[in-house]
Amino acid sequence: MNLEEFIQNFAEQFDDTDASEFKAGTVFHELPEYSSLIALSIIAMIDEEYDVTLKGDDMKSAVTIEDLFNIVKSKQ
Amino acid sequence: MAYLSFNNVRVAGFATGVPKTVLTNESMDEGQYSASSFIQSTGVKNHRVSEEYTAGDLCYAAAEQLIADLGWDKKEIEALIFVSQHADYILPATACILQDRLGLSKECYTADLSLGCSGWVYGMSTVAGLLASGGVKKALLMSGDGKRRINYVDPLFGHAGAVTALEYQEGAPAMQFYFGTDGSGFDALIIPDGGARNQFSDQSFVPEDVDGHMLTRLQSRMKGMDVFAFGISWGPKSVKRLAEHFGFDYQDQDYYIFHQANLLMNEKIRTKLKLPAEKVPYCLQDFGNTASASIPLTIVSQLRGQFEERRTKFIGCGFGVGLSWGAVHFETENIVVSKLVEI
C-alpha cells in the first residue's frame with residue numbers, strides 16, 4: 001500500500017477541511033472537523049480499501065496520518 | 001466451520017410485543033451530540049421504553065397473540081427457547097417461567113440463551129435443530145430485551161420481545177446457517193458488574209467516566225468504534241460466506257433483514273453488499289436497536305401484509321455483543337404475521 005493514496009483516501013472522509021491540510025505528519029486528532037463520526041468513516045474506508053478491521057484503540061494511539069498508515073500496513 | 005443446514009422445518013409466524021410508551025430523541029441533548037446529528041447518524045428518531053415490562057412480559061404478550069392468530073393448540077407446543085441479555089431473574093431461566101405463564105405442556109423443552117444482537121439467528125438454529133428430526137413438532141423462539149436490571153434510558157436502544165413460531169413439516173426447504181464468535185472482543189459491549197466475575201457492590205452504583213459518558217457499572221457500555229468496525233466487516237462477510245458455502249446467489253433474495261444496529265452501520269453493510277434499499281427494510285427509526293428482537297420486529301413492522309402468502313426468500317443476519325455473529329437463509333410461504341402487539 002502507498003502512503004500518498006492513503007492520505008488521499010483519508011482526506012476524502014472530511015467535508016470542510018482543505019486537502020492541503022492532509023500530510024503524512026498531520027496530527028489528525030487536532031483537526032477542527034475531526035469527530036467520532038469522521039473516525040467511523042475512516043474505519044469504514046480502511047475496511048473497504050485495505051480489508052483491515054481497526055479497533056478504537058488504533059485510532060487513539062495513532063498521532064499522525066502516517067502512524068495510522070503504519071498500523072494499517074502492519075495488520076495487512 | 002459453523003455451517004448448519006436443517007431440513008423439514010418451516011417458519012409458521014412472527015409476532016412482536018413492544019411497550020406503548022414512545023420516547024423521542026428529537027429533544028435530546030446527549031453530551032457531544034445534538035439531537036439532529038444523533039438522529040442523522042444513528043437513524044433512531046423514536047424508541048419504545050418501559051420501566052415496567054421485562055423482555056419476558058413483551059414476549060409473553062406477543063406469544064398469546066401469535067398462538068391465537070395461528071390457531072395453534074398450546075398442548076402441541078413442545079419447545080420454547082428464550083433469548084435475552086435481560087432475563088427476568090438471574091435464576092431460574094425465563095423460558096421455564098414462560099412455559100407456565102403460557103400454559104404450555106409440562107413435557108416441554110425450555111432453555112434460555114444469553115445472547116444479544118446475534119441471538120435471533122442462534123435461536124433459530126437451536127429451534128430448527130430440535131424440530132428437524134420430527135421429535136418436536138411445534139416450537140416457539142422468543143427473543144428480545146426489555147426492562148433493564150436498573151432503569152436508565154439509552155437513546156440508541158429500544159425494548160421489544162419477538163416470537164417466531166416454527167414447526168416440523170416434511171419437505172420444507174432447507175434452513176441454512178453460518179455462525180462465528182470472537183470472544184477477544186468480550187468487553188466491546190459489556191455490563192461490568194452484577195455477574196459472578198464482578199459481584200454487586202456499592203461501587204457498582206457509582207457513575208464513572210466512560211469516553212465522556214457518566215455510566216454506572218450496571219449500565220451497558222460500548223466501545224463504539226470497535227463494534228462499528230466489527231459490524232461493517234462481519235455483517236457483509238457473514239452473508240457472503242453463507243451464500244458461498246451453500247452455493248446460492250446472495251443477490252437473488254427477496255429480503256435482507258439485518259440486525260438494526262444503527263443507520264450508519266446498516267447502510268455501510270447494505271452498500272458493501274450492493275443491495276437495493278427496497279429489499280433491506282429498517283425499523284430502527286421507530287424502535288431503535290432492539291437487540292435479538294430486531295430482525296423479527298423489522299419483518300412485523302415493515303413487511304406485514306406484503307409477503308405472507310407468496311414464497312419469499314430471506315437472509316437474516318445478526319452481529320454484536322460477544323462478539324458474536326450469524327446469518328440464516330430461509331424461505332416462507334403461507335405464514336402468519338400478527339399485528340404489532342403494544343402493551
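Read the figures in this text as sums done on the coordinates, not as results from a lab. Since we're looking at a predicted model, the values are computed, not measured. Positions of Cβ are generated from backbone atoms using ideal geometry, with glycine treated the same way; all protein chains shown enter the neighbour counts.
A compact table of results
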{"quantity": "Lone unmet requirement of (1) among the charged types (D, E, K, R); (2) within 13 Å of chain B (Cβ to nearest Cβ); (3) more than 21 Å from residue B:185 (Cα to Cα); (4) loosely packed, with under 13 Cβ neighbours inside 10 Å for residue A:49", "calculated": "(4)"}
{"quantity": "The listed residue being buried (at least 23 other Cβ atoms within 10 Å of the Cβ) and in a loop (DSSP other than H, G, I, E, B), out of B:44, B:11", "calculated": "B:44"}
{"quantity": "Members of the stretch A:18-46 found to be at the interface with chain B (Cβ under 9 Å from one of its Cβ atoms) and either in contact (Cβ under 8 Å) with a residue 60 or more places away in the chain or exposed (fewer than 13 other Cβ atoms within 10 Å of the Cβ) (or both), listed by number", "calculated": "none"}
{"quantity": "Answer residue from the stretch B:228-257, given it is assigned to a loop (DSSP other than H, G, I, E, B) and among the aromatic types (Phe, Trp, Tyr) and is farthest from the other protein chains (Cβ to nearest Cβ) among those", "calculated": "B:248"}
{"quantity": "Lone qualifier among B:90, B:81, B:97, B:39 - being closer than 21 Å to residue B:131 by Cα and of a type in the set (Val, Ile, Thr)", "calculated": "B:81"}
{"quantity": "Subset of the stretch B:73-88 (residues that are within 21 Å of residue B:323 (Cβ to Cβ) and part of a loop (DSSP other than H, G, I, E, B))", "calculated": "B:84, B:85, B:86, B:87"}
{"quantity": "Unique residue being touching a Gly at 6+ places or on another chain (Cβ under 6 Å) and in contact (Cβ under 8 Å) with a residue 60 or more places away in the chain when the list is B:120, B:72", "calculated": "B:120"}
{"quantity": "Lone unmet requirement of (1) closer than 23 Å to residue B:153 by Cβ; (2) in a helix (DSSP H, G or I); (3) not basic (Lys, Arg) for residue B:260", "calculated": "(2)"}
{"quantity": "Residue in the stretch B:30-45 that is under 28 Å from residue B:173 (Cβ atoms) and either touching a residue at least 60 places away in the same chain (Cβ under 8 Å) or among the aromatic types (Phe, Trp, Tyr) (or both) present", "calculated": "no"}
{"quantity": "Where a residue in the stretch B:198-222 is exposed (fewer than 11 other Cβ atoms within 10 Å of the Cβ) and its partner, wherever it lies, is in a loop (DSSP other than H, G, I, E, B), with Cβ under 6 Å and at least six apart", "calculated": "B:212/B:31"}
{"quantity": "Residue satisfying all of: in the stretch A:52-65; surrounded by fewer than 16 Cβ atoms within 10 Å (Cβ to Cβ) and away from chain B (no Cβ under 13 Å); nearest to residue B:225 (Cα to Cα) among these", "calculated": "A:63"}
{"quantity": "Cβ-Cβ under 6 Å pairs, at least 6 apart or on other chains, the stretch B:1-23 side small (Gly, Ala, Ser), far side buried (at least 22 other Cβ atoms within 10 Å of the Cβ) and not in a strand (DSSP E or B)", "calculated": "B:13/B:66; B:15/B:62; B:15/B:66; B:15/B:338; B:17/B:58; B:17/B:62"}
